[in-house]
Amino acid sequence: MSDPKINSILDEGNRLFLQGKLKEAIVYYDKILNDNPLHLSSLNNKGYALSKLKDFENALKCYDSALGIYPDDLSVLVNKISSYRKLGKFIEALSLCDKILKNNPNYNIVLYHKERILFSMEKFNESISCCDSILNDYPENGDVLFDKSCSLVMLSKIDEALELLERAISHGLQYKIKAKKSKSFARLYDNTRFKKLVF
């Protein structure tokens, strides 16, 4: 049975988290964890708050504590993948992705992490395959269209890349800004079509 007192403390922590008051939120998660060190939501949420503060090592400790009790909790596993990815621990992150996808082959949030990890590992064709799996379900996902476009540029498939970039931009002007800042597109700064799209 859930404890109303714990729920109230957790709700307050989550409210602070959503306001961007991450350190204050962690204080509330710790209040619960001091009495109940295996409280799943508090461990997961504290880990997520720590990862937002770029304290990925301590975030991973929270996730590992949670997974010690609930080894198959998808929310915790996905957050762990994200921290691994941001730490540059791509092999570990990829291994977790594959573990989840074995039983949930169309789990798009994991495919999204996987395509970004593969891109960082310069496995551009494999990254594109993950993008295609997501785009089968969500053909107009701007983030994935943009990511696939980046991989295509790296493979020198410029026309196809620019078509996808144009589609991404049609879903939000933030993709123009991302393309201007992205190292992937640096080689296209003299490309007329690229300049028309982003400048």
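Annotation: of all residues in the stretch 38-57 being open to solvent by 60 Å² or more (accessible area, probe 1.4 Å) and modelled with pLDDT of 95 or more, the one that is nearest to Lys5 (Cα to Cα) is Tyr48. Please specify each residue of the stretch 155-199 satisfying the condition of being on the phi < 0 side of the Ramachandran plot and hydroxyl-bearing (Ser, Thr, Tyr). Once the filter is applied, which keeps residues that are on the phi < 0 side of the Ramachandran plot and hydroxyl-bearing (Ser, Thr, Tyr), the stretch 155-199 yields Ser170, Tyr175, Ser182, Ser184, Tyr189, Thr192. Screening the candidates Ile6, Ile32 for the property of being buried (at least 21 other Cβ atoms within 10 Å of the Cβ), hydrophobic (A, V, I, L, M, F, W, C) and more than 30 Å from Leu118 (Cα to Cα) yields one hit, Ile32. Total residues in the stretch 178-191 satisfying the condition of being touching a helix residue (DSSP H, G or I) at 6+ places or on another chain (Cβ under 8 Å), without any contact (Cβ under 8 Å) to a residue 24 or more places away in the chain and farther than 15 Å from Ile158 by Cα: the figure is 1. Restricted to helices (runs of 4 or more DSSP H) entirely inside the stretch 3-61, those with at least 2 residues that are closer than 20 Å to Leu74 by Cβ are 4-18, 40-52.
Residues of the stretch 1-56 that are in contact (Cβ under 8 Å) with a residue 24 or more places away in the chain and in contact with a Ser or Thr (Cβ under 7 Å, 6 or more places away or on another chain): Leu10, Ile32, Leu43, Asn44, Ser51, Phe56.
The values are calculated or read from the model by the stated rules, or taken from the named source; none is laboratory data. The structure presented is a predicted model; accordingly, all values stated were derived computationally and were not measured. All Cβ positions, even for glycine, are placed from backbone atoms using ideal geometry, and neighbour counts span all protein chains on display. Keep in mind that these areas ignore ligands, DNA and RNA; they rest on the heavy atoms of the full protein, side chains included. Shrake-Rupley method; radii C 1.70, N 1.55, O 1.52, S 1.80 Å.
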